[in-house]
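The values are calculated or read from the model by the stated rules, or taken from the named source; none is laboratory data. This is a predicted model, so every value here is computed, not measured. Methodologically, a virtual Cβ is constructed for each residue, glycine included, from the backbone with ideal geometry; neighbour enumeration extends over all protein chains shown.
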Amino acid sequence: MDTLYVLSQLVNGLKLGSVYAMVAIGYSIVYGILRLINFAHGDIMTVAVYTILSLVTIFGLPLWMSIGASVVMAVVVGLIAERTAYRPLRAAGEETTLVSSLAVSIFLQNLMMMIFSPQRKAFHLPENLTFLHNFNGIRLSTMNIITFIAVIVILVILTFVIKRTRVGMAMRACSDNMDASRLMGININHVVVIAFIIGSSLAALSGLMLAGEYKTIDPMMGFVPGLKAFCAAVLGGIGSLGGAVLGGFVLGVAEMLFAGLMPTEITPYRDAFVFVVLILVLMVRPNGILGSREGGRS
Amino acid sequence: MKKTLKKTLLVMLALMLAFAFTGCAKDKSEDEGASPAADTINVGALFNLTGGQASLDQPSYNGFKMAADEINAAGGINGKMIEVKVVDGKTDQASVASAAKKLIDVEKAVVVAGLSDSNYALAAGGVCQSNSIPFITSGATLPTLPEQVGDYAFLAPFGDNVQAYACADYAIDDLKMTKCYLLIDQSMEFTKTLAHFFKERYEEKGGTIVLTDNYMNKDPDFSAQIDRFLADKGGAEILFISGVPDDAGVVVKQFRDKGVTLPIISGDGFDTPLLMEVAGDAANNVYVGTHASLENTDPAVQKFVADYTAVYGHAPENAFAALGYDTMYLIANALKNATDPTDPAAIRDAIGATKNLKGVTGTVTYEEGSRVPTKSVTINKVEGGKFVFQKEVFL
Amino acid sequence: MRLRDNHLFRLIIFVILPLIGLIVTSMNSGSYYSGLVHLFGINIILVASLNLVNGYSGMFSMGHAAFMAIGAYASAMLTLTADQKVFLMPALPDWLMHLTLPFPVTLLVAGVLASVTALLIGFPVLRFKGHYLSVATIGLIVIVRAVLDNEDQITNGARGVTGLPDYASTGIIFSVAILCLFVLYRLIHSSYGRGLIAMRDDWTAAQTLGVNLTTKKLSAFLISAFMAGMAGGLWGHMQSVISGKFFYIDTSFKIVETSIIGGMFSLSGAIVGSALMTFIPELLAPLETGITLFGVQLPELYGASNMILAAALILIIIFRRQGIMGYSEIITDSLFSRETYLSLFRPDQYSSLAKAIVTLPVRSWQSLKARWVGQKHKSL
């Protein structure tokens, strides 16, 4: 097993990891404030991707315009879900909101299936985005590179927003103690809406990246990456943005190295391996790799 | 006070619901004496119209329904109309089993058909068997299914062994390629069975499997497997990928993107327009062993494609549409020939006696005692974004 | 006297009527409606046992599908004939190959094996709090599924195991269900159960009062897994086909949903939730097939029932956060109280029942009026 082979598998891992990371940031930002595991996050991704596909194929809109529209669409759907299914339950337990997000997820999946049929559809990005660059035998598309950079840029921007701006301060306050923040005059609903806007737009972008990489979309496509990204967020320390990104990369790399380096008899245990890693990490660091000490309120 | 009242009401409602059903059950069983209206024949259609299997089962159901409408328009079965009773299995085993019971018990179906995945077909078949109602799976290709279920279960398509053998024969006899790389979707019954039979035949005929790798269904990233293959090709001349339609385009595209230009061969799972839509030119040099070629110039096939397009506004999604269509004709033929089209046992015997029934996906004959049809396998090759007919393999 | 406080009334509603229903079901076994009632019974076991962990102990497990899977496969291994096992599970050790046990015993073994799994996974993960535990239990499902799909020689891989004998009769399903409910009921109303609830409400306080958190958590988890394992065994023998994909995350989600709908702090909630989630989807199914008028099929809308159900789910939890039953135990209280059964021999119960029924319209009118007036004046 030569170095180049291991290196190529490592790159595969980073490629997958950057998609996970992108989804995980969206998860984390909502979770950080509401302690809500938004299982519908993956389905908002699906809505966004179908929006792009319909606009491009039916109305012939240019891609950049469709992407803009898909972000708007994702935000609208996210906010409707927040207003109807999550806000009325804010005082209820975490378990209750979790089930309500599952219901939203089922609703969206079936809606997508009704409108667009359950058939998988091809999803193509323009040639210049899918062009393959050959780095000494390791091939990466322009889109892979954009995704990787986008994750880092978004992480930096969001970290800046949260650490340095008034909105960010309000978000941190809500995350620490919602009741106290309300008493201090912070409009909780505004903060939550902002979190959902950020989370849903990120879902739209990560949907685009996922669909662009795998070139097909279907109404159920959001669920598995959503679940994996959620694991990534937990692995890194849910609620922490850096943690989400780190978790995404760790998960992606672990998955690819396992699939690439282990004997083929045990590679089907790839998903199981991911969860074993997750459990082991949580045993050593109960709040994830970068999780704060108090972590998830139980 | 308010709460307790509401609670009590809800409890009562729930219980009433629960036992209203058992009450119904009794009424129904008493009704059984009276025979159903004599001018229609109820045919049960059990498909997973929602959930993960919907991409195969919806086209299949469309074809099934279209065939029934055609038969009725042509005067039905000896003057009796076919009434298709459909229940959604929801890609959930408990729902599939309960749907089968509903079709038999409530809808009074004399024959049940449908489903494209063996696990679900086994569940539904078991229910039909214990109620002595014939069950024909329109799309599941597990060759041992009828044996496992019992004498009321039939396969409409060929078994996995047949298509796998045909692919292996074609690779060795026609393509003269004796070193093969095998990639298997480990999470599906169908893909595992297919790969098993392919390997068996391929090695029997003197071929060598140089490397076997695997992935799990719905894993859209194959780069780890591809890099492993690139690191040690072992002189492979051809790739056999045992996968389902959803993955067909993606996996081929990713192999080609990584510079693998070797021919790829697969079973009916790859018979999907997605292969060309997703992979584009990369799909060239892919061989598919399948039920029929929808590009086939045979007038029966072209008529089916044209009719389907006229009814549903788009071309058949995949070969499962044709399978559903043929299954309905298989049933209709049996109903026509049965000594009594209301007696499930007579229908079963009539299905078992089917000989040389020509359909879109080939000619169905059940050999004496076998409930898996002997059908030919069509080998298609992708050339210039189209399936091009190569050979019809008879085993 | 309110109607619901009358023991005789409870006897009729919660014991006699269901019993009649079950007898009718068992006489029609194999029919569609019996199938639903059987499913309802198995759901009761699953949801009630989940409530012990999620409702009463304050953990949040999503791993029930994994325990079901283990129970189902274990019971398949012990009930299939040697001929079937040679074909489906060739790698079984010799003694297991020829071992066939009576069904109730296999159910117990199924439960024990599920418990053993729970023990193995419980040690590392039960220390996790809140969502971390949820993720770890989802992980358990993924791990179990991977084993079922890949250990072809023992589980027949993704092909699944078929031909499980049809042992799951109405009698055995509901005997197990009632037994489980009874055990859970007694547990929850014992000092053990109060310890659990104390732990849920304030674990620091519970600890100071001498509640051993680790053993409490672990034991509740084991008991719950045991019952889920038995339910899995029953489920397998009801369906006769089992395979890894049927015991996956969506199955667990459904159980969790049912638990929340019914009320996870109540065993009666498990019964009500299971009833709703088993029967309502079937009622909605006709909506999807479209209506047939003289052979003309109106548009079919598959998925409509799922969407309505999802919307209804959200509405129910918005308006009744604690689930339909909240903290009430009216059904189990009636089922397991001696008073209920003795009421049959108490004349005063008959007269008060009669009186309650006769005065029902008047009293409901009064209570409605009282509430309306009360609301108007914002008093009470």
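What residue, among those in region B:257-277 that are buried (at least 18 other Cβ atoms within 10 Å of the Cβ) and of a type in the set (Val, Ile, Thr), is farthest from the other protein chains (Cβ to nearest Cβ)?
Result: B:Ile265.
For A:Ser101, state whether it is small (Gly, Ala, Ser), assigned to a helix (DSSP H, G or I), within 14 Å of chain B (Cβ to nearest Cβ) and in contact (Cβ under 8 Å) with a residue 60 or more places away in the chain.
Working: small (Gly, Ala, Ser): yes; assigned to a helix (DSSP H, G or I): yes; within 14 Å of chain B (Cβ to nearest Cβ): no; in contact (Cβ under 8 Å) with a residue 60 or more places away in the chain: yes.
Here the answer is no, as A:Ser101 does not meet what is asked.
Within region C:321-338, track down each residue that is surrounded by fewer than 18 Cβ atoms within 10 Å (Cβ to Cβ) and modelled with pLDDT of 85 or more. Quick ask: steps written out before the conclusion?
So the first thing to find is which residues in region C:321-338 are surrounded by fewer than 18 Cβ atoms within 10 Å (Cβ to Cβ), and the list is C:321, C:327, C:333, C:336-338.
C:Tyr327, C:Asp333, C:Phe336, C:Ser337, C:Arg338 - these are the residues of region C:321-338 that are surrounded by fewer than 18 Cβ atoms within 10 Å (Cβ to Cβ) and modelled with pLDDT of 85 or more.
Considering every residue within region A:78-95, establish whether at least one is within 30 Å of B:Pro59 (Cα to Cα), crowded, with 23+ Cβ neighbours inside 10 Å, touching a residue at least 12 places away in the same chain (Cβ under 8 Å) and more than 14 Å from chain B (Cβ to nearest Cβ).
Filtering region A:78-95 down to residues within 30 Å of B:Pro59 (Cα to Cα) leaves none.
No, region A:78-95 contains no residue that is within 30 Å of B:Pro59 (Cα to Cα), crowded, with 23+ Cβ neighbours inside 10 Å, touching a residue at least 12 places away in the same chain (Cβ under 8 Å) and more than 14 Å from chain B (Cβ to nearest Cβ).
Name the helices (runs of 4 or more DSSP H) wholly inside region C:200-285 in which the number of residues that are at the interface with chain B (Cβ under 10 Å from one of its Cβ atoms) and under 22 Å from A:Ser105 (Cα atoms) is 3 or more.
Working: elements: C:203-208, C:213-239, C:249-262.
Answer list for region C:200-285: C:249-262.
Within region B:380-395, work out how many residues are touching a Gly at 6+ places or on another chain (Cβ under 9 Å), surrounded by fewer than 23 Cβ atoms within 10 Å (Cβ to Cβ) and not in a loop (DSSP other than H, G, I, E, B).
Our first condition is that a residue be touching a Gly at 6+ places or on another chain (Cβ under 9 Å); within region B:380-395, this holds for B:380, B:385, B:392-393.
Now restrict to residues that are surrounded by fewer than 23 Cβ atoms within 10 Å (Cβ to Cβ): B:385, B:392-393.
From what's left, not in a loop (DSSP other than H, G, I, E, B): B:392-393.
Residues meeting the conditions: 2.
Restricting attention to region B:142-163, which residues are touching a residue at least 40 places away in the same chain (Cβ under 8 Å) and within 20 Å of B:Ile379 (Cα to Cα)?
Once the filter is applied, which keeps residues that are touching a residue at least 40 places away in the same chain (Cβ under 8 Å) and within 20 Å of B:Ile379 (Cα to Cα), region B:142-163 yields B:Leu142, B:Pro143, B:Ala156, B:Pro157, B:Phe158, B:Gly159, B:Asp160, B:Val162, B:Gln163.
Please go through region B:278-291 and pick out each residue that is within 13 Å of another protein chain (Cβ to nearest Cβ) and small (Gly, Ala, Ser).
Residues of region B:278-291 that are within 13 Å of another protein chain (Cβ to nearest Cβ), as a first pass: B:278-283.
B:Ala279, B:Gly280, B:Ala282, B:Ala283 - these are the residues of region B:278-291 that are within 13 Å of another protein chain (Cβ to nearest Cβ) and small (Gly, Ala, Ser).
Considering only region B:113-148, state which residues are closer than 22 Å to B:Asp271 by Cα and acidic (Asp, Glu).
If the condition is that a residue be closer than 22 Å to B:Asp271 by Cα and acidic (Asp, Glu), then B:Asp117 is the only one that fits.
Inspect all residues belonging to region C:120-131 and state whether any of them is closer than 30 Å to A:Glu95 by Cβ, more than 8 Å from chain A (Cβ to nearest Cβ), assigned to a helix (DSSP H, G or I) and in contact with a His (Cβ under 9 Å, 6 or more places away or on another chain).
No - not one qualifying residue is present in region C:120-131.
Working only within region B:88-109, note down all residues that are more than 9 Å from chain C (Cβ to nearest Cβ), more than 26 Å from C:Met68 (Cα to Cα) and surrounded by 24 or more Cβ atoms within 10 Å (Cβ to Cβ).
B:Ala109
If a residue counts only when it is polar (S, T, N, Q) and either modelled with pLDDT of 90 or more or in contact with a Pro (Cβ under 6 Å, 6 or more places away or on another chain) (or both), which strands (runs of 3 or more DSSP E) contained entirely in region B:195-313 have at least 1 such residues? Quick ask: steps written out before the conclusion?
Numbers: elements: B:208-215, B:238-242, B:264-266, B:286-290.
Correct list: B:208-215, B:238-242, B:264-266.
Of the residues A:Ile154, A:Ile162, only one is over 24 Å from A:Leu63 (Cα atoms), more than 14 Å from every other protein chain (Cβ to nearest Cβ) and touching a residue at least 12 places away in the same chain (Cβ under 8 Å); which? If you could, list the steps in order and put the result at the bottom.
Details: A:Ile154 fails: over 24 Å from A:Leu63 (Cα atoms).
Result of the check over A:Ile154, A:Ile162: A:Ile162.
Just to be sure I understand the filter: pairs with C-beta atoms under 6 Å, separated by 6 or more residues or on different chains, first member in region C:315-333 and at the interface with another protein chain (Cβ under 9 Å from one of its Cβ atoms) and without any contact (Cβ under 8 Å) to a residue 24 or more places away in the chain, second member assigned to a loop (DSSP other than H, G, I, E, B) and not acidic (Asp, Glu). Which pairs pass?
As it stands, the answer is C:Arg321/A:Ala92, since those pairs meet every condition given.
Any idea which of A:Val151, A:Val156 is buried (at least 18 other Cβ atoms within 10 Å of the Cβ) and under 23 Å from the mean Cα position of the chain (by Cα)? First the steps, then the outcome.
Details: A:Val156 fails: buried (at least 18 other Cβ atoms within 10 Å of the Cβ).
Answer to the selection: A:Val151.
Would you point out which residue out of A:Leu140, A:Leu98 is among the aliphatic types (A, V, I, L, M) and under 17 Å from A:Phe223 (Cβ atoms)? Write out each step before concluding.
Working: A:Leu140 fails: under 17 Å from A:Phe223 (Cβ atoms).
Answer to the check: A:Leu98.
In this structure, is B:Ala166 away from chain A (no Cβ under 14 Å), free of Cβ contacts under 8 Å to residues at least 60 places away in the same chain, under 30 Å from B:Phe255 (Cβ atoms) and touching a Leu at 6+ places or on another chain (Cβ under 7 Å)?
On the way: away from chain A (no Cβ under 14 Å): yes; free of Cβ contacts under 8 Å to residues at least 60 places away in the same chain: no; under 30 Å from B:Phe255 (Cβ atoms): yes; touching a Leu at 6+ places or on another chain (Cβ under 7 Å): yes.
Against the criterion (away from chain A (no Cβ under 14 Å), free of Cβ contacts under 8 Å to residues at least 60 places away in the same chain, under 30 Å from B:Phe255 (Cβ atoms) and touching a Leu at 6+ places or on another chain (Cβ under 7 Å)), B:Ala166 does not qualify.
Taking region C:322-336, which residues are of a type in the set (Phe, Trp, Tyr) and more than 9 Å from C:Phe265 (Cβ to Cβ)?
Start the filter on region C:322-336 by keeping residues that are of a type in the set (Phe, Trp, Tyr), which leaves C:327, C:336.
Passing the criteria: only C:Phe336.
Hey, among B:Gly139, B:Gly125, B:Gly63, B:Gly114, which residue is within 11 Å of chain C (Cβ to nearest Cβ), of a type outside the set (A, V, I, L, M, F, W, C), within 24 Å of B:Ala338 (Cβ to Cβ) and in contact (Cβ under 8 Å) with a residue 12 or more places away in the chain?
On the way: B:Gly139 fails: within 11 Å of chain C (Cβ to nearest Cβ); B:Gly63 fails: within 11 Å of chain C (Cβ to nearest Cβ); B:Gly114 fails: within 11 Å of chain C (Cβ to nearest Cβ).
Being within 11 Å of chain C (Cβ to nearest Cβ), of a type outside the set (A, V, I, L, M, F, W, C), within 24 Å of B:Ala338 (Cβ to Cβ) and in contact (Cβ under 8 Å) with a residue 12 or more places away in the chain holds for just one of B:Gly139, B:Gly125, B:Gly63, B:Gly114, which is B:Gly125.
Quick one: in region B:184-194, of everything that is crowded, with 24+ Cβ neighbours inside 10 Å and assigned to a helix (DSSP H, G or I), which residue is nearest to the other protein chains (Cβ to nearest Cβ)?
B:Glu189
Taking the stated definitions as given, is A:Thr57 out of contact with any helix residue (DSSP H, G or I) (no Cβ under 8 Å at 6 or more places or on another chain) and among the polar types (S, T, N, Q)? Break it down into steps so the answer makes sense when it comes.
Values: out of contact with any helix residue (DSSP H, G or I) (no Cβ under 8 Å at 6 or more places or on another chain): yes; among the polar types (S, T, N, Q): yes.
Yes: the conditions hold for A:Thr57.
Filter region A:218-249 down to residues that are more than 10 Å from chain B (Cβ to nearest Cβ) and either touching an Asp or Glu at 6+ places or on another chain (Cβ under 6 Å) or outside any helix (DSSP H, G or I) (or both), then give me how many there are.
Total meeting the criteria: 5.
So that you can scan it fast, the table gives a plain yes or no per residue for (1) crowded, with 20+ Cβ neighbours inside 10 Å; (2) at pLDDT 90 or above; (3) under 21 Å from the mean Cα position of the chain (by Cα); (4) within 23 Å of B:Lys101 (Cβ to Cβ):
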position: C:Tyr132; (1), (2), (3), (4): yes, no, no, no
position: C:Ile143; (1), (2), (3), (4): yes, yes, no, no
position: C:Gly157; (1), (2), (3), (4): yes, no, no, no
position: C:Asp202; (1), (2), (3), (4): no, no, no, no
position: C:Ile223; (1), (2), (3), (4): yes, yes, yes, no
position: C:Ala231; (1), (2), (3), (4): yes, yes, yes, yes
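Within region B:158-184, which residues are more than 16 Å from B:Thr290 (Cβ to Cβ) and polar (S, T, N, Q)?
The answer is B:Thr178, and nothing else.
Hey, can you tell me all the residues within region C:88-119 that are without any contact (Cβ under 8 Å) to a residue 60 or more places away in the chain and either under 21 Å from the mean Cα position of the chain (by Cα) or part of a helix (DSSP H, G or I) (or both)? Please lay out each step first, then the result.
Filtering region C:88-119 down to residues without any contact (Cβ under 8 Å) to a residue 60 or more places away in the chain leaves C:93-102, C:105, C:109, C:116.
Across region C:88-119, the qualifying residues are C:Asp94, C:Trp95, C:Leu96, C:Met97, C:Val105, C:Val109, C:Val116.
So if I check each of B:Lys108, B:Lys28, B:Lys102, which one is out of contact with any Leu (no Cβ under 8 Å at 6 or more places or on another chain), basic (Lys, Arg) and modelled with pLDDT under 90? Write out each step before concluding.
Numbers: B:Lys108 fails: modelled with pLDDT under 90; B:Lys102 fails: modelled with pLDDT under 90.
Criteria check complete, one pass: B:Lys28.
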